[in-house]
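Asks: Have a look at this one.
A short reminder: the numbers here are calculations on the coordinates, not readings from a lab. What you are looking at is a predicted structure, and each value in this text was computed from that prediction instead of being measured. Glycine also receives a Cβ, built like all others from the backbone with ideal geometry; neighbour counts cover every protein chain displayed.
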Amino acid sequence: MTGEGLMRGLTSGNTETSVALVGAPNAGKSALFKRLTEEYVDVSNYPGTTLKTTSVTVGSTELTDTPGINGVSSFSEEERVTREVILDADAVINVVDATQLDRDLFLTLQLLDMGVPTVVALNMMDEVAADNLELDIDALETALGVPVIPTVAITGSGVNELQNRLSEASAPPSTPIASYYDVLPDDIKATRAEKTLLIEGDEPTARRVDTRNLVADGGDTSPAAIEKRETVYRERRTRVRSIVETVEHATTSGGPPMKWLENLLMRPATGIPIVSGLLIAIFYFMGVVVAQTVVGYTEKILFGRYYNPAVKTVVEDILPPTEWAAHVEFLLINDNLGLLTITVQYILGVLVPLVAAFYLVIGILEDAGILPRLAVLTDRGLNRIGLNGRAVVPLIVGMGCVTMAVISTQMVGSRRERLITTALLGLAIPCSAQIGVIMGLLAGLGFVWWASYLLVLLGVLGVAGVFLDRVLPGDQEALIEQLPRLRAPRPRNVARKVSNRTLAFLREAAPLFAGTAVVVSALDYAGVLDAIIAALRPLTAALGLPASFGQVLVLGLIRRDFAAAGMTDLTLGAPQTFVGLVVITLFVPCILTMTMILKEHDARSALLMWAGSWVTAITVGGLAAAALEVIL
Ligand SMILES: Nc1nc2c(ncn2[C@@H]2O[C@H](COP(=O)(O)OP(=O)(O)OP(=O)(O)O)[C@@H](O)[C@H]2O)c(=O)[nH]1
Ligand SMILES: [Mg+2]
């Protein structure tokens with residue numbers, strides 16, 4: 001679209017007109033917003049994608065994308081946000097899902113009752129035919145008394161006409177609700193919108209308009225007000241039903257095309273096997289294909305064989321043979337965390353593939369409408385450890401890569417649950433790099449050791465989950481998911497998301513990680529790491545392990561798989577190996593993960609998790625060593 005006004009007719013002079021896209025969750029508001037403004041916003045196949053408003057000015061029109069709502073009352077945070085935008089807007093584009101008229105027209109009628117100038121974008125028109133429905137658009141236009149424009153936001157069909165007819169935005173001069181206005185005091189100073197909301201018992205409106213005469217006491221939630229609201233709602237529902245009956249007709253029998261799959265997914269007997277299969281596939285793709293094969297290649301071949309040696313040669317050639325240059329050289333190209341070598345390798349060779357793969361999988365799940373279903377099916381089990389079903393993806397992803405999982409806690413919802421998920425991930429979920437080595441060592445010891453290891457981990461996971469659930473303030477958040485229909489993911493949308501999110505992630509994470517790496521390198525150079533190894537001697541002795549295990553732990557501060565690999569270099573008996581493996585699994589997250597925890601949470605939580613891992617690892621390891629002493 002070009003720079004002329006979005007609403008050609010409504011625009012008067014240079015003053016700006018504000019137009020808001022308003023509609024039910026998942027109706028396609030953001031997809032339409034993208035079409036109208038060419039501005040990137042997230043479009044996903046689940047309700048609640050948009051949580052904040054986004055505004056863009058095109059010509060002299062400011063267009064705002066809003067969080068989805070089912071009505072203009074002020075109950076949830078999203079409803080409050082959208083309500084304010086509606087009250088301030090000169091006009092709204094009411095996005096209606098054409099396959100959900102019964103649900104969506106309630107909001108439409110409410111907007112019209114409020115007298116908000118409205119045009120209706122009748123979206124998802126492509127799915128109407130697939131659902132074996134037929135809509136009489138002229139009849140709908142007549143019934144509503146405002147323009148109704150059929151659209152398909154993802155293809156852009158109808159968008160031009162929508163722009164052309166925006167100037168016709170209007171509301172009928174009067175609607176059935178007007179008959180209730182006389183219950184309000186005569187001298188009340190309120191707009192038509194405010195009067196409507198008052199009758200419906202909207203609290204912020206009651207506070208804004210002087211309602212002292214309106215309700216004697218008991219505020220706006222008095223029984224009288226609630227009764228009015230219910231009457232108004234009931235009548236509006238009746239009007240919706242009668243409109244739907246006139247405009248919607250079924251063509252042939254049969255349901256939406258993916259309905260059978262939706263049914264299979266929601267029935268536990270079939271849903272749980274399908275979802276388990278899916279989770280295994282995700283684990284395999286992220287944990288094996290990407291975290292091991294792809295990253296193995298980028299790390300060992302691209303960086304190990306070509307990039308790092310080349311950079312080293314160049315740096316060594318350039319720097320003069322002086323003492324200060326030796327310091328600089330260490331910071332730049334040391335083999336643990338050199339700023340130009342290993343740090344770049346971690347960011348580009350490890351993080352980028354992991355993060356992009358994660359966003360790819362999530363993008364596909366989001367677009368297909370699978371995420372909310374995964375959450376619903378796993379909700380029960382996760383409730384026991386203070387989480388809800390939305391934590392399932394991070395926990396699975398964690399077995400691939402804990403760093404990636406910490407990022408994926410973004411989808412968990414409440415801060416409290418994100419903290420619990422992150423803490424559990426950091427504590428007791430080994431990442432794939434570790435799992436490989438650990439499984440190898442355990443396989444050598446035999447099944448009993450393997451099973452005991454698993455039991456210890458699950459025990460720690462359970463205890464830690466229950467503990468955090470108890471001590472963290474706040475309540476567990478119930479999972480309320482409206483299930484979107486299943487749709488084929490759109491490659492372009494997924495690709496766009498992957499690149500946008502990966503770049504955004506890199507911009508934030510790369511400097512943070514580089515900073516951490518320099519600090520750790522400096523500590524290493526100053527001999528602090530060696531001092532730590534020495535200081536750890538009493539601890540390793542208490543665990544019944546040789547002093548060289550201290551070295552393993554210090555490697556583990558940097559990367560967990562370094563620690564695991566370090567274990568293979570030690571010659572230990574079965575009980576010692578077992579204790580050592582338990583300790584390095586529960587031990588602190590790697591510095592890449594710590595960087596992410598720092599980015600996603602606050603410094604205090606990150607430090608607590610880090611310290612908590614030390615304590616847990618040593619305590620559980622010590623207990624295991626003591627128990628083995630008694631048993632064996
Ligand atoms: N088939 C079809 N799919 C559409 C159409 N418009 C949007 N979608 C898809 O519907 C889903 C929801 O689109 P969004 O634009 O994110 O919906 P929204 O109204 O912004 O949703 P919230 O932000 O959650 O309130 C996405 O998967 C879109 O690709 C359409 O006209 N036809
Ligand atoms: Mg949206």
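Asks: Charges on Cβ only, +1 for Lys and Arg, -1 for Asp and Glu, centred on the Cα centroid of the chain; of Ala281, Ile342, Gln576, which one is farthest towards the dipole's positive end?
Replies: Sorting the options by dipole projection puts first Gln576.
Asks: Roughly how big is region 17-168's charge dipole about its Cα centre, with Cβ charges of +1 (Lys, Arg) and -1 (Asp, Glu), in debye to the nearest 20?
Replies: Around 320 debye, computed over region 17-168.
Asks: Nearest 20 debye, what's the magnitude of the dipole of the chain about its Cα centre given +1 on Lys and Arg Cβ and -1 on Asp and Glu Cβ?
Replies: In debye, rounded to 20, the chain gives about 1560.
Asks: Now, a different point. Looking at this model, which pairs from Lys34/Lys259; Lys29/Lys599; Lys29/Lys497; Lys29/Lys52; Lys29/Lys195; Lys52/Lys189 are more than 23 angstrom apart at the alpha-carbon?
Replies: Those over the limit are Lys34/Lys259; Lys29/Lys599; Lys29/Lys195; Lys52/Lys189.
Asks: Shifting gears a bit: Modelled label-to-label distance, Ala310 and Leu523, 7 Å Cα→beta-carbon offset: nm?
Replies: Computed distance between label sites Ala310 and Leu523 equals 3.3 nm.
Asks: In sequence order, what are the phi-derived ³J(HN,Hα) couplings for region 509-519 according to the Karplus relation 6.51 cos²θ - 1.76 cosθ + 1.60 with θ = phi - 60°, rounded to whole Hz, with x for glycine and proline?
Replies: So the Karplus estimates, Gly and Pro as x, are 7, 4, x, 4, 5, 4, x, 4, 4, 4, 4 Hz.
Asks: What Kirkwood hydrodynamic radius do you get for the chain when you take the inverse of the mean 1/r over all pairs of distinct Cα atoms, in Å?
Replies: Radius from the Kirkwood sum: 28.2 Å.
Asks: Still on this structure, I have one more. Using the Karplus curve 6.51 cos²θ - 1.76 cosθ + 1.60 with θ = phi - 60°, what ³J(HN,Hα) values do you get for each residue of region 178-195, in whole Hz, with x for Gly and Pro?
Replies: 4, 5, 8, 4, 6, 6, 7, x, 4, 8, 5, 9, 8, 6, 4, 4, 5, 4
Asks: Sort region 17-168 into rounded, prolate or oblate with this rule: let a ≥ b ≥ c be the square roots of the eigenvalues of the Cα gyration tensor; rounded if a/c is under 1.5, and if a/c is not under 1.5, prolate when a/b is larger than b/c, oblate otherwise.
Replies: The shape class here is rounded.
Asks: 5 Å is the cut-off here: which amide hydrogens, built 1.01 Å from N in the peptide plane, fall below it relative to Glu62, excluding neighbours closer than 5 in sequence?
Replies: Distant-sequence amide H within range of Glu62: Thr17, Ser18, Val19.
Asks: Once both labels are modelled 7 Å past Cα along the beta-carbon direction, what's the Ser179-Lys52 spacing in nm?
Replies: Using points 7 Å along Cα→Cβ, the separation is 4.5 nm.
Asks: Another question, if that's okay. I need the phi-derived Karplus couplings for region 443-448: 6.51 cos²θ - 1.76 cosθ + 1.60, θ = phi - 60°, integer Hz, Gly and Pro marked x.
Replies: Running phi through 6.51 cos²θ - 1.76 cosθ + 1.60 with θ = phi - 60° gives 4, x, 8, x, 4, 4 Hz.
Asks: Taking Rh as the Kirkwood radius, which is the inverse of the mean 1/r over Cα pairs, what is the Rg/Rh value for region 258-632?
Replies: Across region 258-632, the Cα-based Rg/Rh ratio is 0.99.
Asks: Still on this structure, I have one more. Work out the charge dipole of the chain with +1 on the Cβ of Lys and Arg and -1 on the Cβ of Asp and Glu about the Cα centre, then indicate which of Ile69, Ile591, Ala526 is farthest towards its positive end.
Replies: Among Ile69, Ile591, Ala526, the one farthest towards the positive end of the dipole of the chain is Ala526.
Asks: Do you know the relative contact order of the chain, to the nearest whole percent, from alpha carbon pairs under 8 angstrom that are 6+ apart?
Replies: Relative contact order of the chain: 11 percent.
Asks: Can I ask one more? Under 21 Å Cα-Cα from Lys312, which lysines qualify once same-chain neighbours fewer than 8 residues away are excluded?
Replies: Answer for Lys312, where 21 Å is the Cα cut-off: Lys300, listed by chain and number.
Asks: Kindly work out what percent of the DSSP beta bridges joining two residues of the chain are antiparallel, to the nearest 5.
Replies: Of all bridge pairs located within the chain, approximately 35 percent are antiparallel.
Asks: Right, next: Taking the Cα centre of region 258-632 as origin and charging only Cβ (+1 Lys, Arg; -1 Asp, Glu), how large is the dipole, in debye to the nearest 20?
Replies: 1420 debye
Asks: Give the calculated FRET efficiency between Val289 and Leu570 to the nearest 0.05, with a Förster radius of 25 Å applied to their Cβ-Cβ distance.
Replies: The pair Val289/Leu570 has a calculated efficiency of 0.25.
Asks: Here is a further query. Alpha carbon centre of region 330-363 versus region 600-632: separation in Å?
Replies: Cα centres, region 330-363 to region 600-632: 28 Å.
Asks: Another question about this same structure. In nm, give the distance between the simple-model label positions of Ala603 and Glu168, each being 7 Å from the Cα along the Cα-to-Cβ direction.
Replies: 6.0 nm
Asks: In addition: For the chain, what is the calculated [θ] at 222 nm in deg cm²/dmol (nearest 500), taking -39500 (n - 2.57) for each run of four or more DSSP H residues and dividing by its residue count?
Replies: The per-residue figure over the chain is -18000 deg cm²/dmol.
Asks: If you don't mind, another one. Non-local amide H neighbours of Gly48 (under 5 Å, H modeled in plane, Pro and chain starts lacking H): which ones?
Replies: Asn26, Gly68
Asks: Give me the distance between the Cα centres of region 24-56 and region 267-294, rounded to whole Å.
Replies: Cα centres, region 24-56 to region 267-294: 29 Å.
Asks: Do you know the relative contact order of region 258-632, to the nearest whole percent, from alpha carbon pairs under 8 angstrom that are 6+ apart?
Replies: After rounding, I find 18 percent.
Asks: Quick one: which residues, 5+ away or cross-chain, put their amide H under 5 Å from the amide H of Val95? H built at 1.01 Å from N.
Replies: Val22, Gly23, Ala121
Asks: Fewest to most neighbouring Cβ within 10 Å: what's the order for Thr175, Thr50, Thr246?
Replies: Thr246, Thr175, Thr50
Asks: Which one of Thr15, Gln110, Ala611 is farthest out on the positive end of the charge dipole of the chain, using unit charges on Cβ (Lys, Arg +1; Asp, Glu -1) and the Cα centre as origin?
Replies: It is Ala611.
Asks: Which whole-number percent is the relative contact order of region 417-560 (Cα, under 8 Å, 6+ apart)?
Replies: Relative contact order, region 417-560: 20 percent.
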